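Remarks on the structure that follows.
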Amino acid sequence: MKTHSNEGASPVNPGRRMVLAGLLSASAAALIPWALAEPVASAEQGAFLGVSAMLVGRQALDPVLATRLYEALVAQDSAFPVKVRALLALINTDGLQAAGLQEALDAASSPLAALPRQIASAWYLGIVGTGEAAVCVAYEQALNAAVVADVLKPPSYSYGAYGSWARKPI
């Protein structure tokens with residue numbers, strides 16, 4: 001009987017990892033139907049994009065902004081990639097929808113309960129973190145500006161001297 005030996009084999013197979021990352025990204029898009037397939041650098045980023053699409057209710061998200069937000073969230077919490085994959089797995093396993101997700105996580109006192117708020121806040125405000133650790137990742141591209149862009153434009157600078165936009169006193 002012939003047996004296979006793992007001698008000399010690397011414990012981490014990059015080709016296998018790439019295939020697994022691709023499969024996870026594809027499954028995220030398949031299991032969360034509103035997440036259109038976007039190229040991603042890793043399975044974790046694919047999970048982030050899938051969860052993000054679900055939370056913000058958008059079929060397509062800016063891939064450059066998605067990468068910047070993901071990197072900022074990882075910089076704030078090194079466990080973020082593991083947490084977002086766990087959240088995606090929970091969503092898929094339990095068949096959770098965006099409308100009831102936060103309530104279900106809060107009711108279960110889940111350690112993942114803060115994650116949907118962090119992700120939605122990052123997309124809508126363009127800010128990752130709070131207090132001294134807050135980092136502004138987006139301003140005009142944040143979804144709070146995008147949802148009203150047909151009517152309003154976020155101000156980025158004043159057209160006149162200081163106070164020129166204010167009403168003059170009587």
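The values are calculated or read from the model by the stated rules, or taken from the named source; none is laboratory data. Nothing here was measured: the structure is a model prediction, and the numbers come from that model. Just so you know, the surface numbers come from the protein's heavy atoms only, side chains and all, with ligands and any DNA or RNA stripped out. Shrake-Rupley method; radii C 1.70, N 1.55, O 1.52, S 1.80 Å.
General remarks:
- Volume per residue of the convex hull around the Cα atoms, evaluated for the stretch 41-84, comes out as 67 Å³.
- In this view, the solvent-accessible surface of Glu71, computed with a 1.4 Å probe and all protein chains in place, comes to about 110 Å².
- Size of the stretch 59-146 from its Cα atoms: along the principal axes, largest to smallest, the extents are 35, 29, 18 Å.
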